[in-house]
Amino acid sequence: MFAEQLAGNLIQGLVLGSIYGMATMGLSMIFGVLQVVNVGHGAFIMIGAFTTMTVFTKLGLNPIFAIPFALVIGMALGFLFYYVVMQRLIKAPELASLLATFSIGIILEETVKLTFGSEFRGFNWETGKLDLGVTVLPYSKLIAAGGSALVALLLYLWYHKTRSGTAVRSVIEDSEGARVCGINVNWAYALSFALGIGLTVTSGVFLTMFIPVGINPYMGGGYTVKAFVIAVLGGLASPYGAFFGGLIFGLMENGSYTILATIKGVEPFALTRFFSFVTLLVILLIRPTGLFKSQ
Amino acid sequence: MRRSVWKVLFGVFSLVALVGLLLAGPAAALDKVVIGHPGALSGKYAKAGEQARGGIEAAVKWVNETRGGIEVDGRKVPLEYKNYDCESKKESVTSLIERLVTKDKVHAIFTPYSSGLTLAGAPIAEKYGIVYMDHGGASDKIFKQGFEYIVQTIGPGSKYHAGTLDMIKKADPTAKKVALAYEDSEFARSVMDGAKQHATELGFDIVFERTYPKGVTDLTPLLSALKATSPDIVIGGGHFEDGQLFNRQMADLDINVRAFSLIAAATLPAFYEALTYLAEGVMGPSHWEYGVTFDPDAAAKEGLQWIGPSQDEFVQLFKDALGKDMIPDYHAAEAGAAVLALVLGIEQAKSVDSDKVRAALGDMTFMSFYGSWKIDKTGKQIGHDMVDVQWQNGKRVIVWPAGARTAELYYPMPTFAEKAAGKKATK
Amino acid sequence: MSARPGKYLALIPVLAAYLGMFVFGRVQPDMWQLVAMLAFYCCLGQAFNLFLGMTGYVDFGYVAFVGVGTYGMALTLSRLSGVEGIGFGALVIGLLAAAGMSAMLSIAVGAVALRLRGAYFAIATIGVNEGFRYFIEGARIWNGSEGIIFSKDLRAIFGRETAIALSTFWADVFVIVIGASAAVVTLIYMRSKIGFALTALREDEDAAKVIGIFVTKYKIIAFITSAVFAGLLGATAWALKLTYVYPPDAFEIHYTVEAIIIVMLGGAGTLLGPVVGGLLYGLSKYWLAIILPGFQLLIFAPIILVIIVAFPEGTVGYLKKKVRGTALERYIV
């Protein structure tokens, strides 16, 4: 009974974790290149969720088709905000960029609220279910998890096998040196910021496939805090490290429930959250720059 | 030295107070009654806040246009509504209430939504001694604090599930195992304590009881544990968003039960819009639902005075007020009913003086489209009864109490596989 | 250095601002609650700036100290309400409990987080804040998620009239005093060894270590001081004034963001900045809520963006540059 529950929760945790990872890669990418913590991260996830819902309910298309839309919308927003705001703040104190991204998040949330209202929405994409005995998984969740893993792989290949990816990596390592070598550093910044936002908006699509309810202008807040923690687990500046950070976080959140539920007189669900944050602190105590090495 | 400083300060303050008194002068004849509302138009309670604003505006419009105003000093004067946005934040509540009282000279304050914000504004309302109409703070504890000006229209939390359990007991005496899974908040806890007590009295077994934190985005581990106890009845929820998630993930994990009731979520139209057929047969208790059958005849039968628009009039006024084609939910109805209560209170007190109005409200009872209304000494609502609704073929029907129902209970709820195959919760 | 004349002249404008708020509230009694809100924001910024401004470390979980302080006062009042004749002793105990609890939490957090830099520090502190909230709810300490509602305890101790006066007037006076004290302490630190060490740290932590400055010690002193002011702020502005506390409310990360906005608008590391930022922030929020209820955030966010881009050092930071070399230099710090 206990073992079955634990196994079931760990499987669910792995699926959830890969989506958490996907939802953090954009954050890590932006931090890695621009040294900017995107406090408005959750708002971009929310944009992805609304994109998916619109594609499904208004256009009547399979949510998978929301991915290209989300990527394009996200990158467009990324370039826009980079050239209008962020590029002026590269040399400014850390606080300035924190506040700027926070304000951008609010602008997005309030605009969506005015357009769609503040109702919690959702949709129902029926894909059938896979019964594993210890737990049940709808195929929509598996598609979302598989898609997330694929994106992480593609990102890895882009970083290591393409010219633009290599250029971005060299900027991360030494922006002055890269400039001397003739790399257009501002373009590399713009591209990474846009790609980071694009990834984040796309992760909203996967997240909505996983949980197709609760879509609301303010839904991103909780994910922002989780993404911060996962990003640190993964080394903060490493996008695919973030993916593994997500897996670990998902496993911990779901797996610890079964164990904590055996303690009398406590609320195990709230304690799983406590446990995740304690783990974060312990990891930081041992390795002050996260589990995976930053590049 | 120190004493003389205090003397000077005291002198300055009494001078200021004296000037204030002189400026206030004799009371001018009243030409309107104003309701003040530091509403929650943005931030986390924006949705309920919008409903409340629509409900108040609808009721105010009815009072002015259909009733011809509110009678004070032997003549009818218009009712006015003044509202600000507190952003669902406790810091803003007190300053906005003070502005409403001192600058806008309102005669009653309507609380913002939620028990927390209601509590945040209570000390300042007490300070100014102004009637504080609570339409969105359900916590029983608010009424154990000794506030003298608070008047509740929403019902207290502990009674929510009494009807649901009575109804299931009647429909299926073999159902035994009850699972409770709810949001870890003061409100949901008081609801579930009430449910647990009532279930035990009726002879049900509580096989599972767990909470989840506010703001949760995945209930899978909790629901997996719930599934393992194979309950007959699942009762849970807390707010709208987690209720939606709850039902969705019950479907994802293929947890099939005979009856499933959620507080604060299942009764709203957006619930079915988001979940579609997954919500078939799901139930929920509510303070008020579109379709209840309260009318002047029902009032006469119970010997209560009737006030206010009919249900359909209210719905139309609400839609006009918000400029949206949206059916009001119980947030709107209880805010509207609170306006009607205030109107009666002022008329019976024959004054807008808050002490007199509060006393009149304490002695008063009436019925409106929202149902019956009566408060106890502390201001807590005790006259209002809950209804139970169920989703049947995409429509919300009222299945309990027997006197108010618009359809028979559909029992047991279809399984999620049956629902996916197109089965609806109708015969 | 210590003999420099007029080294505390900079206190004049900042203390005048706090006194001005008080006086304005007294002559305009119907605006007192507005003054209370402004004082809350100024005080929040002032206390937050004490650590952030001096070290450059962004404590994202700062609200945890305010929350713990709120609990300190709430627990004291609700546990001591039955004690005969406790009276104003309860307030003193409450304030001490708030200060003590936030100091203890800050020592625990500091031990872990102050070893970290930059974004790692910011995120670790978020972890502490969230973790602490879930601990209260999960382990069911301090009444768990049901929180503490203690309006009746306040009445039991002080009587109805005094309780109302405490919530609607004296709590706000305390907030003004706490804000002003935080300003005084900030300047004392700035003008002492701590300030010089922390300036060196802010410019280059490694270099400061190399030349033999015990940065950790000074960092911890500034961190604890800032936390204690936050705890006192919670005990008054949240506990005494609002008479209830719920865990999700007390650990709402949004308040840290507000503190950052205030400090940023005014100018991080300046003495006058938090007051200017707090007034700007509070007043614009208040007016927007009245003029355009429901739209204030949509208007406010772009304004913040413009200010950040145009004045990245904040309004006071900008002013400071302008008055450099003039007679005003001593007053604008």
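The mean number of partner chain beta-carbon atoms within 10 angstrom of a residue's beta-carbon across peptide A:203-216 is 4. The listed residues A:Asp174, C:Asp249, once ranked by accessible area (1.4 Å probe) with the largest placed first, stand as A:Asp174, C:Asp249. Protection proxy ranking for C:177-183, A:148-154, A:92-98, A:229-235, using the average of other Cβ atoms within 10 Å per residue and placing the highest first: A:229-235, C:177-183, A:92-98, A:148-154. Against chain B, whose longest principal axis comes from its Cα atoms, helix B:115-128 is set at around 20 degrees. Using the Cα coordinates of the range A:60-110, the gyration tensor eigenvalues translate into equivalent-ellipsoid semi-axes of 28, 12, 8 Å, sorted from longest to shortest.
For the range B:42-107, the Cβ-based charge dipole about the Cα centre amounts to some 60 debye (Lys, Arg positive; Asp, Glu negative; other atoms uncharged).
Computing Rg and the Kirkwood Rh from the Cα coordinates of chain C gives a ratio, Rg/Rh, of 0.97.
Could you rank A:Met29, A:Met219 by how accessible they are, 1.4 Å probe, largest area first? Display every interim value, and only then the final one.
Details: A:Met29 0, A:Met219 35 Å².
If we order A:Met29, A:Met219 from most to least accessible, we get A:Met219, A:Met29.
So how far, in whole Å, is the C-alpha centre of the range B:283-323 from the one of the range A:32-62? What the calculation gives is 41 Å, centre to centre. So what is log10(I(q)/I(0)) for the range C:276-332 at q = 0.12, 0.20 1/Å, when the Debye sum runs over its Cα atoms only? With one equal scatterer per Cα and no solvent, log10 I(q)/I(0) is -0.39, -0.78. Within straight-line reach of B:Lys227, meaning a Cα separation under 24 Å, sit the following lysines at least 8 residues removed in sequence or on another chain: A:Lys129, A:Lys141, A:Lys264, B:Lys169, B:Lys176, B:Lys177, B:Lys196, B:Lys214, B:Lys419, B:Lys423, B:Lys424. Accessible surface for A:His160 stands near 70 Å², nearest 10, in the context of the full protein assembly shown (1.4 Å probe).
Positive-end ranking of B:Ala175, A:Val278, B:Phe208 along the dipole of the protein assembly as shown, with charges on Cβ about the Cα centre, is headed by A:Val278. Computed 3J(HN,Hα) for the range C:281-294, one whole-Hz value per residue from the Karplus formula 6.51 cos²θ - 1.76 cosθ + 1.60 where θ = phi - 60°, is 5, x, 5, 5, 4, 4, 5, 5, 5, 8, 6, 10, x, x, glycine and proline marked x.
Taking 18 Å as the cut-off for C-alpha to C-alpha distance, list the pairs among A:Lys113/B:Lys47; C:Lys193/C:Lys219; B:Lys377/C:Lys152; B:Lys90/C:Lys285; B:Lys61/C:Lys285 that go past it. If you can, show how the numbers build up before the last one.
Values: A:Lys113/B:Lys47 10 Å; C:Lys193/C:Lys219 12 Å; B:Lys377/C:Lys152 16 Å; B:Lys90/C:Lys285 13 Å; B:Lys61/C:Lys285 30 Å.
The pairs that break the limit, which is 18 Å between Cα atoms, are B:Lys61/C:Lys285.
Chains B and A together bury roughly 3100 Å² of accessible surface, counting both sides and using a 1.4 Å probe on protein heavy atoms. Placing a label point 7 Å from the Cα of A:Leu132 along the Cα-to-Cβ direction, the residues of the range A:4-24 with a backbone N closer than 19 Å are A:4-22.
Remark: the Cα gyration tensor places the range A:21-220 in the oblate category, a/c being 1.5 or greater and a/b not exceeding b/c.
Averaged over residues, the count of other Cβ atoms within 10 Å places the peptides B:135-142, B:241-248, B:362-369, C:62-69 in the sequence C:62-69, B:241-248, B:135-142, B:362-369, highest first. Only helices reaching 24 angstrom along their own axis (Cα) with mean Kyte-Doolittle hydropathy no lower than -0.5 count here, and for the DSSP H runs of chain A these are A:2-34, A:41-57, A:66-84, A:94-116, A:139-161, A:185-210, A:239-260, A:268-286. Based on DSSP H segments of at least four residues, each scored -39500 (n - 2.57), the protein assembly as shown has a per-residue ellipticity at 222 nm of -19500 deg cm²/dmol.
Within the full protein context, the accessible area of C:Tyr286 is estimated at about 10 Å² for a probe radius of 1.4 Å.
Shown here: chain B, whose C-alpha atoms stretch 78, 57, 39 Å along the first, second and third principal axes, sorted largest to smallest. Leaving ligands and nucleic acids aside, the A/C contact buries around 3700 square angstrom of accessible area in total at a 1.4 Å probe radius.
Kindly give the semi-axes, whole Å and largest first, of the ellipsoid equivalent to the range A:160-225, taking each as the square root of 5 times a Cα gyration tensor eigenvalue. Let's see the in-between values first.
On the way: eigenvalues 230, 29, 15 Å².
Square roots of five times the eigenvalues give 34, 12, 9 Å.
Taken across both chains, chains B and C shield about 3900 Å² of accessible surface from a 1.4 Å probe. Against chain B, whose longest principal axis is taken from its Cα atoms, helix B:186-201 shows a tilt of about 50°.
When the protein assembly as shown is described by a simple charge dipole with +1 on each Lys and Arg Cβ and -1 on each Asp and Glu Cβ, the residue from B:Gly49, B:Ala341, A:Met25 located farthest towards its positive end is A:Met25.
Kindly report the accessible area of the protein assembly as shown per residue (heavy atoms of protein chains, probe 1.4 Å, no ligands, DNA or RNA), in Å². Write out the running numbers ahead of the final one.
Details: 36890 Å² over 1055 residues.
Computed with neighbouring chains in place, this is 35 Å² per residue.
Once you average over the residues of A:6-14, how many Cβ atoms of partner chains fall within 10 Å of each Cβ?
On the way: counts 2, 0, 7, 5, 0, 1, 7, 3, 0.
Neighbouring Cβ atoms belonging to other protein chains average 3 per residue here.
With distances taken between every two different alpha-carbon atoms, the range C:95-254 has a Kirkwood hydrodynamic radius of 17.7 Å. Using only the alpha-carbon atoms, how far is helix C:314-323 inclined from the longest principal axis of chain C? Give it as 0 to 90 degrees, nearest 10. The angle comes out at about 40 degrees.
The tail of the calculated P(r) for the protein assembly as shown, taken as Cα-Cα distances beyond 57 Å, holds 12 percent of the pairs. Once the gyration tensor of the Cα atoms in the range B:359-418 is diagonalised, the equivalent ellipsoid follows with semi-axes of 35, 11, 8 Å, ordered largest first.
Averaged over the residues of peptide B:400-412, the number of Cβ atoms from other protein chains lying within 10 Å of each residue's Cβ is 0. Surface composition of the protein assembly as shown: carbon and sulfur atoms hold 64% of the protein heavy-atom accessible area at a 1.4 Å probe.
The values are calculated or read from the model by the stated rules, or taken from the named source; none is laboratory data. All values reported here derive from a predicted model rather than from experimental measurement. All Cβ positions, glycine included, derive from the backbone under ideal geometry; neighbour counts span all protein chains shown. For the accessible areas, the whole protein counts, side chains as well, though only heavy atoms, and no ligand, DNA or RNA atoms are used. Shrake-Rupley method; radii C 1.70, N 1.55, O 1.52, S 1.80 Å.
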